[in-house]
């Protein structure tokens, strides 16, 4: 039994084990976030509706990535990989949209 | 010609080591189920060569048709199919995997002192995906082909052609995943499998170039995959995303397609640049000038590569402002490419240059790639692009970069590492001749196309006005010479497998880790984990090694 | 170190000790193997981001172009089903995270339970999704299969949706563009559902192996990496929920 504990400790040393308490807190935060975003969508805020919905979605996604996926406790390399993915995705969206938006401006 | 540096062991006593990766196991299954990166590289080399010669035969047909102004050899829609299949096979089944899947696969673990790639099974899977995609491409060809051009331009591909767009699309989709898995494997390997002492700035530049290309494979390829899925859905169900009659925008397809396909040209050329860094250093006996700059220029090319894709769409109706921005950004890519060319040239300066076959190909690369790159600046400038695009100028430009650049680099690499892969040398004189023939044939084929393009001959037509015939005859004649230049290596390299001189561990006296072990290497590469204690391209260190070896020999003789 | 006499000298053989059976031959240590596998999984997820990224881009562009059509079309989605599905998926993400924790702390029963719960929730998600899909099929809102514009040119004919939103009829030209909304809706949610199906299949395999104790003896890489995949699918849904269901509820 003690040997098993020791082994478990060794594994813990190799990488961080997040405690279930954190997971429960994150779960509650995500559920609250969902309730909040649905509630907000029922109120007519005009221009702000999509922004609030996407902001809450991003907050929820960030919680999942940081805690459920453990990026908060991971190496810089993992953080960089996640960052590279987001950066490339934003490049694709923003530069494509830039073309579509500026098409409406007409010629010089 | 200056003194050669090739140092072969005494042929009367030399032997190929009994234990090596080729001799470890026999039988077809030991190859088809292997996890050994070196064997998978050989599998790739064989299958790639097969696709190269299919693509080459199609190129031959195109040139033969263009010998005369009329479309007389084949019907015009057959011609469309021939150039489409030439493009699809050459790009997705030869150029993209060429250097990474063969040389990269074989050498990256050896260069960084690892026993294998990090994910051997994924490596094998990626070969099977490549074969599956390739088989589908061949099936497409056998059952009528496809005539959209390799770009699958919508709405032509979704609505107007009745050829095998779906199977070709699936073939490219599958090949794309093969390429994603190769890139993913390389990145993980380079990060996690380096031997002790192998810091990032001790890595050979070949590894840096592959790292940069792998980033592109991983980040860009999925976008073309989804674009192809949407084309398939549009074609089968008419979902309307790219259909202008339903409000869809065909240009959106081009955005998604070129978001991959522009970085894809860097996926093709970067590994070739890695090869050139190795050969130019070895045959100048000098450390690559500005190692750090060359290393970072690879990464810079990869990063800038993501911001320039719309320069393929200048005349297609994107906004004027986007044209301006993308045109300016395109100029940025010229900077890191020029850094590479200048640094290689400085490496030659005061080096002890010798002219072995790989070096001849390297010189070919430098000249042709420079021309190809500079004409790219003409095309990136939106004003000249409007005149030159969709003409033979484009065809000449990308063939200078891809065939003159990449294929020369591929051949340089194959000749350079052939002794390591097989343990045997090829006949030097014939191979030098082949390199020269390739260079001459290449220029005869593609230089006239620059002139044809500026004169206004459009690409993708089977017929042309008679006044263009002289230059087209030049081009076709050159293609014949080029064909000989490509056939020769197949013959003498195959011959050398059995009859070539025994190469020994380090015939070129190169410094890389891969040259310090036996040729061909053991299955596990290194018997003990190596420790790297010097910079890359340290020829002084190599000399001291040789001196120490001789001394120990003398000691044993005296004893 | 130019005067170093040895080219390739090996690491000391002294630290040679018994390796666990799951250590593949080409790795030096268990840590290196786990690191490599985890990093590879992250890179794969990055390719997935770009894979979905293409469709998200298309969605954003067409929403800007055909705003009225996208608003009217999104009113065909039922926020209640969407919310329920979001909750189901978030909870399944939680049970998956707990599963990883159980594996790391070697709780076999807990692991099997968590994986089973995750699988049931995943199946529940697909069940709810299929209810939503069948509604679209009934109303002929599937692009390419006799697509019907009736709900958009004559909103009052669609009484349930009309009662909630009171949409004005769209001109025919704009109403036709609702088909693009549904194309992207099915492409996005379909690709997401495909990822769920693959995930559930792997979960089945994992439950089978977990009962044999495969993941509770120290080798947790597979469970951890699958967890990353499952959470990623959850993240995609969080954005799909916002973009498809929530942002267009008011004109």
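The values are calculated or read from the model by the stated rules, or taken from the named source; none is laboratory data. Quick caveat: nothing in here was measured; it's all calculated off a predicted structure. Every residue, glycine as well, gets a Cβ built from its backbone with ideal geometry; the counts of neighbours run over all protein chains shown.
Residue under question is residue C:138, and the condition is that it be closer than 19 Å to residue C:242 by Cβ and away from every other protein chain (no Cβ under 14 Å); does it hold?
It is false that residue C:138 is closer than 19 Å to residue C:242 by Cβ and away from every other protein chain (no Cβ under 14 Å).
Scanning the range A:63-77 for residues that are within 9 Å of chain C (Cβ to nearest Cβ) and either out of contact with any helix residue (DSSP H, G or I) (no Cβ under 7 Å at 6 or more places or on another chain) or outside any helix (DSSP H, G or I) (or both) yields A:69, A:70, A:74, A:75.
Rundown of residues vs (1) away from chain C (no Cβ under 12 Å); (2) at pLDDT 95 or above; (3) touching a helix residue (DSSP H, G or I) at 6+ places or on another chain (Cβ under 7 Å), yes/no style:
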| position | (1), (2), (3) |
| --- | --- |
| B:154 | yes, no, yes |
| B:176 | no, yes, yes |
| B:214 | no, yes, yes |
| B:240 | no, no, yes |
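A single member of B:308, B:294 is crowded, with 19+ Cβ neighbours inside 10 Å, touching a helix residue (DSSP H, G or I) at 6+ places or on another chain (Cβ under 6 Å) and away from every other protein chain (no Cβ under 14 Å), and it is B:294. Annotation note: of B:57, B:101, the sole residue that is without any contact (Cβ under 8 Å) to a residue 40 or more places away in the chain, part of a helix (DSSP H, G or I) and either away from every other protein chain (no Cβ under 14 Å) or buried (at least 20 other Cβ atoms within 10 Å of the Cβ) (or both) is B:57.
Residue C:214 fulfils the conditions (1) in contact with a helix residue (DSSP H, G or I) (Cβ under 9 Å, 6 or more places away or on another chain); (2) more than 14 Å from chain B (Cβ to nearest Cβ); (3) part of a helix (DSSP H, G or I) except for a single criterion, (3). Of all residues in the range C:64-77, those satisfying the criterion of being part of a helix (DSSP H, G or I) and more than 9 Å from every other protein chain (Cβ to nearest Cβ) are C:67, C:68, C:70, C:71, C:72, C:73, C:74.
Selection within the range A:51-70: residues that are more than 10 Å from the chain's Cα centre (by Cα) and free of Cβ contacts under 8 Å to residues at least 12 places away in the same chain. The member of this set that is farthest from residue A:20 (Cα to Cα) is A:51.
Of all the residues in the range B:282-300, those that are part of a helix (DSSP H, G or I) and either closer than 11 Å to residue B:353 by Cβ or touching a strand residue (DSSP E or B) at 6+ places or on another chain (Cβ under 9 Å) (or both) number 1.
For residues in the range A:81-102 being over 14 Å from residue C:49 (Cβ atoms) and surrounded by fewer than 17 Cβ atoms within 10 Å (Cβ to Cβ), which is farthest from the other protein chains (Cβ to nearest Cβ)?
Out of the qualifying residues, it is A:94.
Assess whether residue B:541 counts as being within 14 Å of chain C (Cβ to nearest Cβ), under 16 Å from residue B:418 (Cα atoms), touching a residue at least 24 places away in the same chain (Cβ under 8 Å) and not in a loop (DSSP other than H, G, I, E, B).
no
Here residue C:107 meets the list (1) within 12 Å of another protein chain (Cβ to nearest Cβ); (2) touching a helix residue (DSSP H, G or I) at 6+ places or on another chain (Cβ under 6 Å) almost entirely, failing just condition (2).
Going by the conditions given, is residue C:32 touching a helix residue (DSSP H, G or I) at 6+ places or on another chain (Cβ under 7 Å) and within 8 Å of another protein chain (Cβ to nearest Cβ)?
Judged against the criteria, residue C:32 is a match.
Of everything in the range B:156-174 that is more than 23 Å from the chain's Cα centre (by Cα) and within 14 Å of chain C (Cβ to nearest Cβ), the residue that is nearest to residue C:50 (Cα to Cα) is B:158. Note on the range B:489-519: residues that are away from chain C (no Cβ under 13 Å) and touching a strand residue (DSSP E or B) at 6+ places or on another chain (Cβ under 9 Å) total 9.
Being assigned to a helix (DSSP H, G or I), modelled with pLDDT of 95 or more and buried (at least 19 other Cβ atoms within 10 Å of the Cβ) is a description that does not apply to residue A:31.
As for the range B:266-276, it holds no residue that is within 30 Å of residue B:5 (Cα to Cα) and not in a helix (DSSP H, G or I).
Tell me whether the range B:136-149 contains one or more residues that are within 14 Å of another protein chain (Cβ to nearest Cβ), assigned to a helix (DSSP H, G or I) and in contact (Cβ under 8 Å) with a residue 24 or more places away in the chain.
no
Residue C:84 passes every criterion in (1) within 14 Å of chain B (Cβ to nearest Cβ); (2) touching a residue at least 40 places away in the same chain (Cβ under 8 Å) apart from (1).
Here is the figure for the range C:202-246: residues that are more than 15 Å from residue C:104 (Cα to Cα) and free of Cβ contacts under 8 Å to residues at least 24 places away in the same chain total 6.
Inclusion of residue A:59 among residues that are facing chain C (nearest Cβ under 9 Å) and either part of a helix (DSSP H, G or I) or in contact with a strand residue (DSSP E or B) (Cβ under 7 Å, 6 or more places away or on another chain) (or both) is not warranted.
For first residues located in the range A:23-41 and at the interface with chain C (Cβ under 8 Å from one of its Cβ atoms), partners that are outside any helix (DSSP H, G or I) and surrounded by 15 or more Cβ atoms within 10 Å (Cβ to Cβ) and lie 6+ apart or on another chain with Cβ distances below 8 Å form the pairs A:41/C:247; A:41/C:249.
For residue B:218, indicate whether it is more than 23 Å from residue C:50 (Cα to Cα) and either within 14 Å of chain C (Cβ to nearest Cβ) or modelled with pLDDT of 95 or more (or both). For residue B:218, the condition - more than 23 Å from residue C:50 (Cα to Cα) and either within 14 Å of chain C (Cβ to nearest Cβ) or modelled with pLDDT of 95 or more (or both) - is not met.
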